[in-house]
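**Student:** One structure, as structure tokens, below. Some questions next.
The values are calculated or read from the model by the stated rules, or taken from the named source; none is laboratory data. These numbers were taken from a predicted model, which means no experiment stands behind them. Don't worry about glycine lacking a Cβ; one is built from the backbone with ideal geometry, like all the others, and counts go over all protein chains shown.
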Amino acid sequence: MSDLISPLQLLINQAGAAKDSGMIELYSQRVNFNPTGVSAIALDASGSMNEVVESGIRKIDILRQALDRPLAKDEVAIAFSSICTQLSSLQDIPEPGGGTALHLALAEIAKLYPRQTLVVSDGRPNSKTEALTVAQSVSGIINVLYIGPDNDVEAIEFMRQLARIGCGVSQSCDIRTAPVQQLRSAIALLLPD
């Protein structure tokens, strides 16, 4: 019986481990960084977003429907594929094509010193290592919304790693099956005003 640990003791042990690892200080720095800065949204416009789902609509068009609102004055949106493009409107997401150069979008976002960033992607980046390395230089919290298939364990794990680096939250919402309102709600939750 002496090997059993109470749930309270387990939480205390985990909190001590987080303190020792520097995670609490990192989280505090990210949360308190530039509270009046911009909110950034990185939107996947890679070739996989051209896929037509069961409803006969392309994934990119479903994302556009979910983002059917104007950019706030303190928001910046960047679409990424093989290149990245700053958008003047959330409806201006370019036609899908090319790779998933998430690291380029994160590098552009890092220059803005945002208070928070939301990454929305349905796939795997061209280079996980580059994306995770660049994410460390992005200020503020990084939340992620994985909109790919629920069975892509590797992609989901990457997105979780990205959120951990950014001391943020990772959520999954398969764009092929989720109602637009569910996507819209997930985006609003992960990128609060």
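**Student:** Consider THR117 against the criteria (1) under 20 Å from ALA155 (Cα atoms); (2) surrounded by fewer than 18 Cβ atoms within 10 Å (Cβ to Cβ): it satisfies all of them except one. Which criterion is unmet?
**Tutor:** For THR117, the failing item is (2).
**Student:** Answer yes if at least one residue in the stretch 127-150 is surrounded by fewer than 17 Cβ atoms within 10 Å (Cβ to Cβ) and under 23 Å from ALA178 (Cβ atoms), and no otherwise. Don't jump to the end; show me each part of the working.
**Tutor:** Of the residues in the stretch 127-150, the ones surrounded by fewer than 17 Cβ atoms within 10 Å (Cβ to Cβ) are 127, 129-130, 133, 136-137, 149-150.
Going one step further and asking which of them are under 23 Å from ALA178 (Cβ atoms), we end up with 149-150.
Yes: one or more hits.
**Student:** Is it the case that GLU95 is touching a residue at least 12 places away in the same chain (Cβ under 8 Å) and of a type in the set (D, E, K, R)? Break it down into steps so the answer makes sense when it comes.
**Tutor:** Values: touching a residue at least 12 places away in the same chain (Cβ under 8 Å): yes; of a type in the set (D, E, K, R): yes.
For GLU95, the condition - touching a residue at least 12 places away in the same chain (Cβ under 8 Å) and of a type in the set (D, E, K, R) - is met.
**Student:** Taking the stretch 168-193, which residues are surrounded by 16 or more Cβ atoms within 10 Å (Cβ to Cβ), over 15 Å from ILE141 (Cα atoms) and hydroxyl-bearing (Ser, Thr, Tyr)?
**Tutor:** SER172
**Student:** Considering only residues that are assigned to a helix (DSSP H, G or I) and among the charged types (D, E, K, R), look in the stretch 112-143 and name the one that is nearest to CYS84 (Cα to Cα). It would help to see each step written out before you state the result.
**Tutor:** Within the stretch 112-143, the subset assigned to a helix (DSSP H, G or I) is 128-135.
Still in the running and among the charged types (D, E, K, R): 128, 130.
Working: LYS128: 17, GLU130: 15 Å.
Going through the qualifying residues, I end up with GLU130.
**Student:** Right, here's the next one. Among the residues of the stretch 63-75, are any in contact with a Pro (Cβ under 6 Å, 6 or more places away or on another chain) and either assigned to a strand (DSSP E or B) or at pLDDT 95 or above (or both)?
**Tutor:** Kept after step one, since they are in contact with a Pro (Cβ under 6 Å, 6 or more places away or on another chain), are these residues of the stretch 63-75: none.
Checking the stretch 63-75: not a single residue is in contact with a Pro (Cβ under 6 Å, 6 or more places away or on another chain) and either assigned to a strand (DSSP E or B) or at pLDDT 95 or above (or both).
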